[in-house]
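Since the structure comes first, as structure tokens, the remarks are kept for the end.
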Amino acid sequence: MIRIVVGLGNPGKEYENTRHNVGFMVVDEVLRRFRVKDLREEALSLVARVRIGGREVVFAKPQTYMNNSGVAVENLIEEFSAEPEEMIVIYDDLDLPLGMTRLRLEGSSGGHKGMESIIRTIKTEKFPRLRIGIGRPSRKEDVVKYVLSPFSKEELEILRSVLKKASECVVRAIELSPEYAMEFCNRRDII
């Protein structure tokens, strides 16, 4: 049973529409869907509570910056007396092309610094995660520069569809189960 949804990103206007903040964007999309506008500062995150499937679910955007996401996630788990497997983490993935989503029940960080921080801090890889493809840079530019850059106009068209699909994926994981939601989330034909 999912009780906490964590979207990864960096706080601040300068990072708002960057590829690295796609986790925040998915949380925002779900909150928009449920007409929730107010987030409060709590457990080192911006937090909103939403009733989905007859129960309260916490949506969080950590404010500790990507590379220290584990500190906020640990605080969220403690604050809301949750187990890691009751949480789903949403983040950007360079190894998936833009337009693809992948829901997994557990696994390694895949080199993602935010996920590395979470796994190291909470000492487990056993929690669901939704990876949102952002693709790799077309030329050999610095990956850090790429993930901290905004989406192009063409990419934004695809991103809108991805955010809708990802929000539906999150809701299905909450209402039914992450296992059930995997079939929908991992299909290629949605976009």
Review point. Which of the residues spanning the range 148-175 are among the hydrophobic types (A, V, I, L, M, F, W, C) and in contact (Cβ under 8 Å) with a residue 24 or more places away in the chain?
Key: L148, F151, I158, L159, V162, L163, A166, C169, V170, V171, A173, I174
Review point. Taking the stated definitions as given, is S81 touching a strand residue (DSSP E or B) at 6+ places or on another chain (Cβ under 9 Å) and of a type in the set (G, A, S)?
Key: no
**Study point:** Filter result for V71 (within 18 Å of E42 (Cα to Cα), part of a strand (DSSP E or B) and not acidic (D, E))
**Key:** no
Point to revise | Failed criterion for S177 (all others in (1) among the hydroxyl-bearing types (S, T, Y); (2) at pLDDT below 95; (3) under 22 Å from G54 (Cα atoms) hold) | key: (2)
Review point. Going through the range 17-35 one residue at a time, which ones are part of a loop (DSSP other than H, G, I, E, B) and in contact with a Phe, Trp or Tyr (Cβ under 8 Å, 6 or more places away or on another chain)?
Key: N17
Check your understanding: Within the range 177-191, how many residues are over 21 Å from N17 (Cα atoms) and touching a residue at least 12 places away in the same chain (Cβ under 8 Å)?
Key -> 10
Practice item. Give the range 143-171 a look and list any residue that's more than 15 Å from the chain's Cα centre (by Cα) and either assigned to a loop (DSSP other than H, G, I, E, B) or farther than 19 Å from E16 by Cα (or both), or say none. Key: L148, S149, F151, S152
Exercise for review: Would you confirm whether any residue within the range 1-8 is in a loop (DSSP other than H, G, I, E, B) and closer than 15 Å to R131 by Cβ?
Suggested key: yes
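Here's the yes/no breakdown for (1) in contact with a His (Cβ under 8 Å, 6 or more places away or on another chain); (2) surrounded by fewer than 16 Cβ atoms within 10 Å (Cβ to Cβ); (3) under 19 Å from S69 (Cβ atoms):
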| residue | (1), (2), (3) |
| --- | --- |
| I132 | no, no, yes |
| G135 | no, no, no |
| E141 | no, yes, no |
| V144 | no, yes, yes |
| E179 | no, yes, no |
| E183 | no, yes, no |
Check your understanding: Where residues in the range 44-55 are in a loop (DSSP other than H, G, I, E, B) and over 17 Å from the mean Cα position of the chain (by Cα), which of them is modelled with the lowest pLDDT?
Key -> G53
Review point. Does I122 meet the test of being touching a residue at least 24 places away in the same chain (Cβ under 8 Å), within 19 Å of N68 (Cα to Cα) and in contact with a strand residue (DSSP E or B) (Cβ under 8 Å, 6 or more places away or on another chain)?
Key: no
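The values are calculated or read from the model by the stated rules, or taken from the named source; none is laboratory data. Quick caveat: nothing in here was measured; it's all calculated off a predicted structure. Neighbour counts are summed over all protein chains in view; Cβ atoms, including those assigned to glycine, are modelled from backbone coordinates with ideal geometry.
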